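Scroll down for the structure; my scribbles are underneath it.
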Amino acid sequence: MTTTDQIPTTRNEGWGFYGTMKERAAEAWPLAMTTVSKATGSSFEAVRLFLDSAFGRHFADDVCNALHGGQTLTDAIDSTAALWMQRKSNGGLSHIYGIPRDLPHLTAFVAASEIADELSA
């Protein structure tokens, strides 16, 4: 089984990361899943929840901005993940989800997506 076979598919083709990436979505999805999982140490399922959320749309917006700046898709996803790992979370996520302040932005939003999913179950 390859890594791509283990990656869950989106459950939100119209919105989130997938919907925002439009015609590049099928190509971008496994790259983003793998990159975000490696960067955050999160499971593919947690990353899927993040990418399918409104947070994933914001991540895709930054990827699209990097693409418009001339980066390749792989470089755009990698640089966006690196940028989101450099930023630190603020009190908003801490207040809503109990996530500690000053976590890398990407890690915090993946965790917030997973917590939100658990709370909605």
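Read-outs: derived from the displayed coordinates by stated rules, not from any lab. Predicted model only: the values in this text are computed from it and were never measured. When we count neighbours, we look across all protein chains shown, and the Cβ atoms used for this are built from the backbone with ideal geometry, even at glycine.
Worth pointing out:
- For the range 58-69, the criterion of a residue being charged (D, E, K, R), in contact (Cβ under 8 Å) with a residue 24 or more places away in the chain, surrounded by 13 or more Cβ atoms within 10 Å (Cβ to Cβ) and touching a helix residue (DSSP H, G or I) at 6+ places or on another chain (Cβ under 6 Å) is satisfied by no position.
- For Ile77, the test of being crowded, with 20+ Cβ neighbours inside 10 Å and among the β-branched types (Val, Ile, Thr) is passed.
- If the condition is being of a type in the set (Phe, Trp, Tyr) and more than 20 Å from Ala116 (Cβ to Cβ), then the range 1-51 contributes only Trp29.
- Of all residues in the range 41-53, those satisfying the criterion of being part of a helix (DSSP H, G or I), touching a helix residue (DSSP H, G or I) at 6+ places or on another chain (Cβ under 7 Å) and surrounded by fewer than 22 Cβ atoms within 10 Å (Cβ to Cβ) are Phe44, Ala46.
- Contact map, the range 96-112: first residue under 12 Å from Gln86 (Cα atoms), second residue in a helix (DSSP H, G or I) and not hydrophobic (A, V, I, L, M, F, W, C), Cβ cut-off under 6 Å, separation 6 or more or different chains; pairs are Leu106/Thr40; Thr107/Thr40.
- Counted residues, the range 8-40 - those being part of a loop (DSSP other than H, G, I, E, B) and either buried (at least 16 other Cβ atoms within 10 Å of the Cβ) or within 12 Å of the chain's Cα centre (by Cα) (or both): 2
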